[in-house]
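A short write-up of the structure that comes next.
The values are calculated or read from the model by the stated rules, or taken from the named source; none is laboratory data. Everything numeric in this text was worked out from a predicted model, so none of it was measured. Positions of Cβ are generated from backbone atoms using ideal geometry, with glycine treated the same way; all protein chains shown enter the neighbour counts.
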Amino acid sequence: MDAISCILVYDAILLLLLWGYFKKVGWVLNGTSYILLFLFLCSVISTFYFISVNGVIRDYDNITMPPFLYMILCYIISIYPIYLFDSKKRRIIITTEQYLFIRMFSIFLIVISVEPLLENLYRLNDIIGDSSSIYRMYDDREEYLSFWGRKLHAISTYFNVLYPVLILLFLYRKEHYSIVIGLLFVTLNYWLHELGLGGRSKMVQSILYSIAVYFLMRKYLALEIDKKIRLYGGVILLLGILFVVIISFSRFDSMASSSNVDSIWIWLGLYAGEGPLNFNSLMWNVTESTNGDNTFIFLRDLFGMSDASSVEDIYRSNLKLGIPENIFYTYIGSIYKDYNLLGTILFLFIFSTLVSFVLKSKQNGFSIVQIIILSIWMKILSVPTFYTYTTWIEQFNLLFVYLFCIYLYMLKFGRKTMFRYR
């Protein structure tokens with residue numbers, strides 16, 4: 001079977017999984033169907049990317065079917081906890097003490113984000129006035145926030161994975177809309193800072209993750225709230241996409257002379273399209289291992305087991321694999337670098353099982369802690385281009401989120417307030 005035939009079969013299997021799920025549960029958009037649809041769309045982009053670049057800037061003629069089947073298996077293992085959550089029509093259970101703490105914590109995030117947000121808005125004016133400066137900022141990655149701005153922004157972003165969950169929780173409760181607006185500004189601050197540094201990755205990850213969490217929690221939202229989210233959320237999404245496009249065109253114009261990619265669309269397509277192809281043609285044949293530098297870099301650095309802590313350090317660690325280190329291999333490929341063929345399956349199976357175990361409860365409902373844990377897992381699938389928790393800082397941030405969850409769990413023994421399932 002030639003390369004293009006293998007890719008088309010890969011597309012067909014993902015489409016079949018999506019169709020099979022819709023056949024089983026009906027035409028409903030939830031966390032599972034969104035992820036399956038997104039994976040299928042990425043595979044379609046991979047097909048067009050292959051047609052455009054094979055034999056021009058990449059050589060994908062060695063693509064075979066087994067790596068694609070392996071990826072499908074990894075997808076199924078990864079999606080299972082989300083499928084488990086979607087298949088149960090349970091209420092959200094939250095104690096009064098938990099809700100009061102979440103409300104006060106959200107206000108805290110809003111307050112500490114005011115100063116860095118003002119700095120980011122001031123910086124945005126300069127960026128819009130000179131879009132060519134974006135590439136220079138991306139190249140330099142120079143922090144521009146003041147001393148207090150940096151500190152306050154850092155504390156806020158420790159909990160960035162909680163932003164969409166908290167917003168949807170308050171919308172679900174249909175109260176404290178001022179806090180919802182404040183949390184939207186907290187999210188905007190996070191996006192603007194990435195824009196101010198000329199970066200796109202974290203901003204795109206945040207947008208995709210927020211969409212995924214929305215579909216995960218959509219079944220709990222009142223119909224009128226859901227309609228407003230689609231309306232106003234669509235506007236916010238378009239603005240976010242506009243910012244990303246501005247940065248992308250600026251970077252492409254600056255890099256075009258030194259790159260053999262002559263189309264902005266091909267250049268953009270590699271972000272969603274090249275991962276499965278690179279995994280198949282390059283990563284599949286790797287026998288060396290980075291021994292956890294891509295999945296547990298924070299713990300390895302903490303215990304002195306690795307010298308890698310920055311993105312550049314991880315790149316250097318990946319050099320031993322004998323393949324290009326600065327291209328995408330999907331999140332499966334990032335894990336594969338550490339554990340190879342069987343280890344990757346075992347890694348995904350263990351963590352998928354742990355998340356599924358967390359979701360099991362004798363009560364007729366899901367706790368907010370369970371939803372946060374599932375959202376953390378879902379972020380991996382919402383950004384399938386690479387493993388979203390690869391960097392030291394992302395894993396460091398997770399530590400604070402887990403501490404947040406532990407404290408919430410300790411508050412669960414208070415008086416219970418149950419919110420109804422829609």
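Just for region 299-334: of the residues that are among the small types (Gly, Ala, Ser) and not in a loop (DSSP other than H, G, I, E, B), which one is nearest to residue 276 (Cα to Cα)?
Applying the first criterion (among the small types (Gly, Ala, Ser)) to region 299-334 yields 304, 306, 308-310, 317, 322, 333-334.
With the extra rule that they be not in a loop (DSSP other than H, G, I, E, B), the set shrinks to 317, 333-334.
On the way: 317: 22, 333: 9, 334: 12 Å.
Within region 299-334, the match that is nearest to residue 276 (Cα to Cα) is 333.
Out of 50, 38, which single residue is crowded, with 19+ Cβ neighbours inside 10 Å, part of a helix (DSSP H, G or I), touching a residue at least 24 places away in the same chain (Cβ under 8 Å) and in contact with a helix residue (DSSP H, G or I) (Cβ under 7 Å, 6 or more places away or on another chain)? Before the answer, list the steps.
Working: 38 fails: in contact with a helix residue (DSSP H, G or I) (Cβ under 7 Å, 6 or more places away or on another chain).
None of the others qualify; the one that does is 50.
Give me the residue from region 274-298 that is assigned to a loop (DSSP other than H, G, I, E, B) and over 28 Å from residue 41 (Cβ atoms) and, out of that set, nearest to the chain's Cα centre (by Cα).
Pass one, region 274-298, residues assigned to a loop (DSSP other than H, G, I, E, B): 282, 286-296.
Now narrow it down to the ones that are over 28 Å from residue 41 (Cβ atoms): 287-293, 296.
Values: 287: 28, 288: 27, 289: 24, 290: 22, 291: 23, 292: 20, 293: 19, 296: 17 Å.
Filtering region 274-298 for residues that are assigned to a loop (DSSP other than H, G, I, E, B) and over 28 Å from residue 41 (Cβ atoms), the one nearest to the chain's Cα centre (by Cα) comes out as 296.
For region 53-99, name all the residues that are surrounded by fewer than 16 Cβ atoms within 10 Å (Cβ to Cβ), closer than 26 Å to residue 336 by Cβ and of a type in the set (Ser, Thr, Tyr).
64
Please find, among 319, 359, the residue that is of a type in the set (A, V, I, L, M, F, W, C), crowded, with 18+ Cβ neighbours inside 10 Å and at pLDDT below 95.
Working: 319 fails: crowded, with 18+ Cβ neighbours inside 10 Å.
Sole residue among the options that is of a type in the set (A, V, I, L, M, F, W, C), crowded, with 18+ Cβ neighbours inside 10 Å and at pLDDT below 95: 359.
In region 344-373, what count of residues is obtained for those that are without any contact (Cβ under 8 Å) to a residue 12 or more places away in the chain and not in a loop (DSSP other than H, G, I, E, B)?
The qualifying residues number 5.
Looking at region 18-35 only, could you name the residues that are of a type in the set (Val, Ile, Thr) and surrounded by fewer than 20 Cβ atoms within 10 Å (Cβ to Cβ)?
Residues of region 18-35 of a type in the set (Val, Ile, Thr): 25, 28, 32, 35.
Those that are of a type in the set (Val, Ile, Thr) and surrounded by fewer than 20 Cβ atoms within 10 Å (Cβ to Cβ): 25, 28.
How many residues, within region 2-26, are acidic (Asp, Glu) and part of a helix (DSSP H, G or I)?
1
In region 53-66, how many are of a type in the set (A, V, I, L, M), in a loop (DSSP other than H, G, I, E, B) and at pLDDT 90 or above?
1
List every residue pair whose Cβ atoms sit under 7 Å apart, with the two residues 6 or more apart in sequence or on different chains, where the first one lies in region 383-395 and is farther than 20 Å from residue 273 by Cα and the second, anywhere, is assigned to a helix (DSSP H, G or I) and charged (D, E, K, R).
Once the first residue is farther than 20 Å from residue 273 by Cα and sits in region 383-395, its partners that are assigned to a helix (DSSP H, G or I) and charged (D, E, K, R) give 392/301.
Among the residues of region 186-224, write down those that are part of a helix (DSSP H, G or I), surrounded by fewer than 17 Cβ atoms within 10 Å (Cβ to Cβ) and in contact (Cβ under 8 Å) with a residue 12 or more places away in the chain.
Step one: filter region 186-224 for residues part of a helix (DSSP H, G or I), giving 186-196, 201-220, 223-224.
Adding the requirement that they be surrounded by fewer than 17 Cβ atoms within 10 Å (Cβ to Cβ) leaves 201, 211, 223-224.
Matches in region 186-224: 211, 223.
Go through region 275-309 and report how many residues are in contact (Cβ under 8 Å) with a residue 12 or more places away in the chain and closer than 19 Å to residue 340 by Cβ.
Initial filter on region 275-309 (in contact (Cβ under 8 Å) with a residue 12 or more places away in the chain): 275-284, 286-299, 301, 305-306, 308-309.
Restricting the remaining residues to those that are closer than 19 Å to residue 340 by Cβ gives 275-276, 278-284, 286-297, 305-306, 308.
Residues meeting the conditions: 24.
Considering only residues that are within 13 Å of residue 210 (Cα to Cα) and either part of a loop (DSSP other than H, G, I, E, B) or touching a strand residue (DSSP E or B) at 6+ places or on another chain (Cβ under 7 Å) (or both), which ones fall in region 374-388?
Scanning region 374-388 gives a single hit, 383.
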